[in-house]
Every structure is written in C-alpha cells, then in structure tokens.
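Since the structure comes first, as structure tokens, the remarks are kept for the end.
Just so it is clear, none of the values below were taken in a lab; they were calculated from the coordinates. Everything quoted here is computed from the prediction, not taken from an experiment. Here the Cβ positions follow ideal geometry from the backbone for every residue, glycine too, while neighbour counts run over all protein chains shown.
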Amino acid sequence: MAGRIRDEDIVTVRERTSIADVVSERVTLRSGGAQTLKGLCPFHDEKTPSFTVRVDKGVFYCHGCGKGGDAISFVMEVDHLTFLEAVEHLAGKLGIALRYVETGPNPQRQRPNQRQRLVAAHAAAAEFYAEQLLTPPARSARQFLAQRGFDRDTATRYGCGYAPAAWETLTRHLRHSGFTDDELVTAGLSRPARSGSLIDRFRGRLLWPIRDISGDVIGFGARKLDDAEEGPKYLNTPETPIYKKSQVLYGIDQAKREIAKQGRVVIVEGYTDVMACHLAGVPTAVASCGTAFGNEHVGVLRRLLMDTDAFTGEIIFTFDGDQAGQQAALRAFESDQKFVGRTFIAISPDSLDPCDLRLTKGDAAVRDLVARREPLVDFALRQLLSRYDLDTVDGRVDAMRRAAPLVAKLKDREKRPEYARKLAGDLGLPVEQVSRAVAAAVKGEEPAPARRTGPRPVVNPATLVEREALKLALQEPVLAGPIFDALDAAAYHNPLHAALRSAIAEAGGCAAAVSGPDWVQRVRDACPDLAASALASELAVEPLRLDGDVDPHYVGVTLAKLELVTVDAQVAALKSRAQRVNPVTNQTEYLSLAAELFPLEQRARALRERAAGGL
C-alpha cells in the first residue's frame, strides 16, 4: 500500500499557507472588514459576493452555496484533487519536503499525483522548446517573431519555443527525464504513430506555452511555419486532465493582477495579439485558446473583475472588421449578457488585429484602439439596422422587429427605455411603437400592433414567400434539397433574406443537410452579421404557413412562387425596354429583346401553374 503524509507535515502546510494568496489566484478579493475578504464564489454563479475569507482563521465560507474549509479544502474543490494531492500541491508551492508514513507489507513512497506529474512534464517540455528556439533549425521561428515586432527578450518573457521537425525529439528527451509513455500521451505531448511507436505531437512549429491562472504550464499553442505544409495553421494541446480549452485564457497568468487592479479586461483573438497588447501598454489582454470565447471563460473573468452589482468593470472585445470579426462580435454579444459590467467592442478602422496594428502604427495605436471602444449593444444594433432599407415602411418595421429583442436582452433594465428611444430615432418611428415592441420582446411575445382606426397595412406577399422558403430550408432541408439550392441569393429581394440565403449556401446547402439543431447552428455560424443570425434563429422555430405536415408539393409551390417574383420582374423590365424601342428604326435591338422575352414568359407561365394553390 502507499504511504500517507505525516500529520506534523500536514499541520506545517496548513500553518504556512496563506489562504488569501491561494484564493486570490482564482478570485479577486476585496476588504469585507477586519481580517475579512470577500469575492465572487468560484463554485457557483452569483452576482452579489457571498464568498468570505477569514485571513486570521485561515478559512473560507460561501453563504450562497455553503462550501467552506481551509486552503487545502479550497484547492481540493477548485482543482478536483484528493486530500493527499492538494497537500502535495501546496507543499510544492512552499518548497516543503513532505515525509510519508509507510504502510503495508511492501512499503513504498507515495508517488506524486497525476496533476503534479503532468505539470512537471509540461514544465520540462517548455524548457526544452525554449532551448530549441535558439538553435539553427529554428531560424524560421525566430524570423516569424521578429517580423511581428517581438525580440529575444519578449520571446523569453512569454516562453516561446520551437518544436524540432524530427518525429520523436521531445518524446526521447522526456523519457530520459523519467516520464513514462502513458504520462506523455495523457499530457498531450506525444501521440501513438501508425507503427505503434510514440511520436511528438508538435513538430516543426513555433510554440507558446499556455499557463493556467496560477502560472503552471498546462498546454501549448503551436503555429506551423510553412503555410504549404499539411495540417492546420494553429494546433493546440488536446483536452487533458489539466487542460480544458473552455476554461483556459492565454495570458491570464500575466494579466490577472492588472485585470483586478484596473477592473478591465481586453479580449483578443490570438497569442501574438496578447503579446502586442501587453508590450503596447494594455496589460489586461487575454485570448481564448483554440475555441470560441464561452460561458466558462466568462466565469473566470467575472471572479477576477469582481463583476458584481456594486463593482462593475469593463469587458472590451477586439475583433477584425471583416465578416469573421462580425461573427465573433455576435458570439460576444451573447456572452455579454452573462457579465454585470459594461461590455464594449473595439474594431480597428483598418481591419488590423492588435499585433498588425502595433507593427504598422506603433504602441500608441493599440492603446487608442482600446480607448475608442464603443458599447457592444450600439455596435450590434448598428450592424442589424444596416441590413434593412430604412427608406421604406417594410424595412423600418422589419428592422424594429429584429432590433427589439436585442434591446430587451439588456441586463441593465434602466437602459432599455433609453435604447428604445434611440432605436425609434434611428428608425424614424414613434417611441411608443418601439417601446411596445421592446416590452413584448421582454415577455417573449410578438410585438402588439398599434391601435388603428383605418385599414390594416398590407404585408408584401413577396416578403412572406421569401420567409417561407427560408423556413423550409432551416426546418426541412431534406425536403427543400436541390430545389431550394437552385435559387441563389439573387431571388431574395429583402437584403436580410438574401444574407441568410447566402449563409445557407456557405453552410453547405440544403442538399447536404440534415434537419436538427446542428444544421441551424451551422447556418448561424455562417451568417455575416447579428441580424442574419437572429433571423435564422427566428425562422427555425416559426410555424410554416400551412395546416398539416409539409410535403414535396408544398415545397414546390413555395419555391415556384419565390422564383416567379424574379421572373415576373425580368419580364416587366424587358417589356418596358421593348416599349421604348422603335421596331422600325431599331429592328435588331427590338428582335433581340423579343427573343429574350419569349422564353421568360414561358417560364413565368410554368411557374404560375406550379404555384397554383400556394400561400
């Protein structure tokens, strides 16, 4: 049997461990009175701090979820360790050599726990990679850093390294250092080859060590240096017992104190962006690692920001100005509602990321980018309204219907009336009408129509047909199939509908789709902006305009009506041109127009027959 740690050593670890230091690695603590600190509980979601640390007693307690204990208990809970593993972890931080009481017929010293071994393997790998960066084969890696404005001191500060191109250089090195094959595979540093032997996961790449909030290396991000080589541009450590990409933020170990001090965090998209921001005087920058910024990242930052009703910080997202950047902004807006603090977006007018911005325009430009931030909701609304023709009644009303739910989602209820008034001004609609739409969206209802003494407004039938076709594509892609795919975005006259149609094509089209949430999410991810994504979510659940089950006949009727709108417009345009042409003096042009018109009229007649009994 394995031994246990001597009781007197456990007492020493407890006495010498500062619970405030241990907890503050994960939670921003503020004074709560004499010898008392308070913060947001790391074990459950809350907006008002109920997590209390008594410094003099060396204990913590959460009045919200009831968890409590000492520093050892805290480490056990937050890192999911056993008691013995937690004591060993704290002892390692303090430099305390533990002694063990041996038990059993064949006593043996307790082996270090798995986390310690995996962290040690990563530390050894990081040291090895950093040494390799100075070797001749790593010249391209050094050039990559230099071309982006990073010198040798900066590479050392961030632990940048180089993975040799050979198959098993790191694997052999770590074996010689005492790590087993199982440990190397579990750590994600090596992987089995087809031959059965073990090879390095990263080869011929520039590497960044990824550290957890306490500073331990738990993974790597790796960029290939020759874009012509096979494989993704960026390759990250896979999920391991110590590396969870949904919880990891690159640069958090260096940024955490400034985040807590300034009450601000800047979220960027890449490793070099974090480095560039820090060097340019924006030390609160962090980035997600190989995954989109999500809910668990929000939790990590909220605890550092002390993101509560009383202490509201700033969360600033930076994105490129291109389509991918707008899609990232959409995800950011969804995450925004999970923060209490004020959320902003900063987009470079030149569509440059922070690294390129620093390289081309200097450190001050990066600081100015952050200083010019704007509220994320303002950006989201502006992007949404840009998709509509606000010179028309239909455009203004449709835009109001799409924008009202965004205003309704604002976590600060006091801001909703102000944004409703702003939206009304942007749309040129009565404030009362927009306020009703927002109030209905808050309740999850359809906006109530204003009372009218005159006739109800006429809804454009073509708009209904376009919506119905898009609903079929989202809800019944198997039935819609190639018939839907045959009509491209040009068949849709509403700009927002056309944008969603293009997103469906970008997602692979109906012919290759299967009904369900994954298909809808693929379309949403392909949407160019917030408005199109919101419309996709809406149409995916909006009932179709028929009684009973949808069938191929209904699909054919709907898509025939959709195409007929375009064909009729083409026929009308050709007839108008023909009427302006003198058939005697311009006989050739007149005959040419007649030749174009004849097949279009035939097509229109066929579509009318197919569309009989439609919407």
- If you plug each phi of the stretch 531-547 into the Karplus form 6.51 cos²θ - 1.76 cosθ + 1.60 with θ = phi - 60°, what whole-Hz ³J(HN,Hα) values come out, in order, with x for Gly and Pro? 5, 5, 5, 5, 5, 4, 4, 5, 6, 5, 10, 6, x, 6, 8, 7, 9
- Query: In degrees, nearest 10, range 0 to 90: what is the angle between the Cα axis of helix 415-427 and the longest Cα principal axis of the chain?
  - Reply: 30
- Partner aspartates and glutamates for LYS422 [C-alpha distance under 19 Å; skip if fewer than 8 residues away on the same chain]: GLU374, ASP378, ASP389, ASP391, ASP398, ASP412, GLU414, GLU432
- Task: Could you grab the Rg to Rh ratio for the stretch 4-101? Cα atoms only, Kirkwood for Rh.
- Result: 0.99
- Task: For Cα extents along the principal axes in Å, several values are listed as (1) 83, 67, 39; (2) 74, 71, 52; (3) 107, 59, 54; flag the one computed from this structure.
- Result: (3)
- Item | the chain: angle of helix 295-305 to the longest principal axis, Cα-based, in degrees nearest 10 | 60
- Note on the structure: Going residue by residue through the stretch 502-513, the Karplus relation 6.51 cos²θ - 1.76 cosθ + 1.60 with θ = phi - 60° gives ³J(HN,Hα) values, rounded to whole Hz and with x marking Gly or Pro, of 5, 5, 4, 5, 4, 7, x, x, 5, 4, 10, 9
- aspartates and glutamates whose Cα lies under 17 Å from that of LYS561, excluding same-chain neighbours fewer than 8 positions away: GLU466, GLU468, ASP485, ASP488, ASP551, GLU601, GLU609
- For the stretch 385-442, projected area of the alpha-carbon convex hull averaged over all directions, nm²: 3.4
- Query: Relative to the longest principal axis of the chain, what angle (0 to 90°, nearest 10) does the C-alpha long axis of helix 376-385 take?
  - Reply: 20
- Note on the structure: Ranking GLY221, GLN587, LEU381 by how far each Cα lies towards the positive end of the charge dipole of the chain (+1 on Lys and Arg Cβ, -1 on Asp and Glu Cβ), the top one is LEU381
- Note on the structure: A student asked for the Cα radius of gyration and Dmax of the stretch 545-607 in angstrom ought to give 16.6, 58
- Over all directions, what mean area does the Cα convex hull of the stretch 461-610 project, stated in square nanometres? 9.9
- Message: Please compare each pair in LYS57/LYS411; LYS47/LYS245; LYS245/LYS415; LYS224/LYS361 to a cut-off of 28 Å on the Cα-Cα distance and tell me which ones are over it.
- Response: LYS57/LYS411; LYS245/LYS415
- For TYR162, residues with placed amide H under 5 Å, excluding near neighbours: ALA130, GLN132, LEU133, LEU207
- Item | Simple Cβ-charge dipole of the chain, Lys/Arg +1 and Asp/Glu -1, about Cα centre, in debye nearest 20 | 960
- Message: Can you compute the helix-only [θ] at 222 nm over the chain? Use -39500 (n - 2.57) per DSSP H run of at least 4 residues, normalise by all residues, nearest 500 deg cm²/dmol.
- Response: -15500 deg cm²/dmol
- Message: Based on the alpha-carbon set only, what is the convex hull volume of the stretch 454-550 divided per residue, in Å³?
- Response: 107
- So the pair-distance distribution of the stretch 114-236, from every Cα-Cα distance in 5 Å bins, comes to percents of 2, 11, 22, 25, 20, 13, 5, 2, 0
- How long are the three semi-axes of the equivalent ellipsoid of the stretch 253-292, in whole Å, if each is the root of 5 times an eigenvalue of the C-alpha gyration tensor, listed from largest down? 16, 12, 7
- Note, ³J(HN,Hα) from phi for the stretch 181-191, Karplus 6.51, -1.76, 1.60, rounded to Hz, x at Gly and Pro: 4, 4, 5, 5, 6, 4, 6, x, 8, 10, 8
- Message: Rounded, prolate or oblate for the stretch 110-175? Axes are the square roots of the Cα gyration tensor eigenvalues, ordered a ≥ b ≥ c, and the cut-off for rounded is a/c under 1.5.
- Response: oblate
- What residues qualify as long-range amide H neighbours of ILE218, i.e. H under 5 Å apart, gap of 5 or more or another chain, H built at 1.01 Å from N? ILE210, ARG211, ASP212
- Give the long-range amide H neighbours of LEU198: residues separated by 5 or more places, or on another chain, with amide H under 5 Å away, using H modelled in the peptide plane at 1.01 Å from N. ALA193
